[in-house]
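Just dropping this structure here.
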């Protein structure tokens, strides 16, 4: 009987401390996530220093729980995987230090993983029929990318944000209208009570043929609208603002993703990242994919937000290709896709 590869994966790029045991790149034996959302709510957003300290407190317990749930021991692992960029440098360092210590102590291979590549690979967990090549729309608090997935572990960025990431825009708008942090889920929920056509917020498509994104304009438009309402002493309908803002953003994301998929002659489009949990984006993209005979894939909500399972899946394909990192691996907060190979 052929032995199946086991990877212990660690993810600490922002405000989730996570560890997972992944078998043969497809089966998730455990995926433990300790979230700090309730803590950072008090400050209206993630405080890097607090995030780092909380990772230090939680990391060992999370790893132990992941191994216990998987009914495995550290000695059973074939490799240790860890996110080493992009992300908050202090937070990343906690995971990297832990992974290096375990790998060194057990004399196991160390595989550093790019955080965004992890999000893309989350699509393989439940969609067993998904195979490269395909187009992927990556949308999160720090990233908005259109990525051509040429093969397992081989990517080409064809479009990205020129200013704010889409998740960042959601958080800033949510703060402006008094919803607080985290903005994405709160706007998504409130938007269901509002009229998406109530306010005509701008759609930014940039120059013709561009696959890049820009969300600073829509953010400014919302702030200007709020200021005008206050100056004129007009009532503000927060649900309508949420729905109109969300509709504007989703329309651009969907249209650009579909256009890129067609232009590159792909018939598969995947969705990844924290904003992939947005219900309006999922619904609109699924509808438009169906109209254009494109098969759509997306992870379940558990695998949209930051988690170690997706890091373990990404690491598996790199591990099989012979990717190894030395014990001087460091955190790289601005790591570019493909630099980790």
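Exactly one condition in (1) modelled with pLDDT under 95; (2) within 30 Å of residue 194 (Cα to Cα) is false for residue 251; which is it?
The failed condition is (1).
Right, something else. Which of the following residues is within 21 Å of residue 137 (Cβ to Cβ), surrounded by 15 or more Cβ atoms within 10 Å (Cβ to Cβ) and modelled with pLDDT under 95: 217, 209?
Details: 209 fails: surrounded by 15 or more Cβ atoms within 10 Å (Cβ to Cβ).
It is 217.
Looking only at residues in the stretch 111-152 that are within 30 Å of residue 46 (Cα to Cα) and in a loop (DSSP other than H, G, I, E, B), which one is nearest to the chain's Cα centre (by Cα)?
Taking the candidates together, the pick is 140.
On the given criteria, is residue 252 in contact with a helix residue (DSSP H, G or I) (Cβ under 6 Å, 6 or more places away or on another chain), closer than 21 Å to residue 164 by Cα and assigned to a helix (DSSP H, G or I)? Give the steps one after another, and end with the answer.
Details: in contact with a helix residue (DSSP H, G or I) (Cβ under 6 Å, 6 or more places away or on another chain): no; closer than 21 Å to residue 164 by Cα: yes; assigned to a helix (DSSP H, G or I): yes.
No, not satisfied.
Kindly list the number of the only condition in (1) touching a residue at least 60 places away in the same chain (Cβ under 8 Å); (2) farther than 18 Å from residue 304 by Cα; (3) in a helix (DSSP H, G or I) that fails for residue 218.
If we test residue 218 against (1) touching a residue at least 60 places away in the same chain (Cβ under 8 Å); (2) farther than 18 Å from residue 304 by Cα; (3) in a helix (DSSP H, G or I), just (1) comes out false.
The values are calculated or read from the model by the stated rules, or taken from the named source; none is laboratory data. A quick note: this is a predicted structure, and the numbers were derived from the prediction, not measured. A quick note on method: Cβ atoms are made from the backbone with ideal geometry, for glycine too, and the neighbour counts reach across all protein chains shown.
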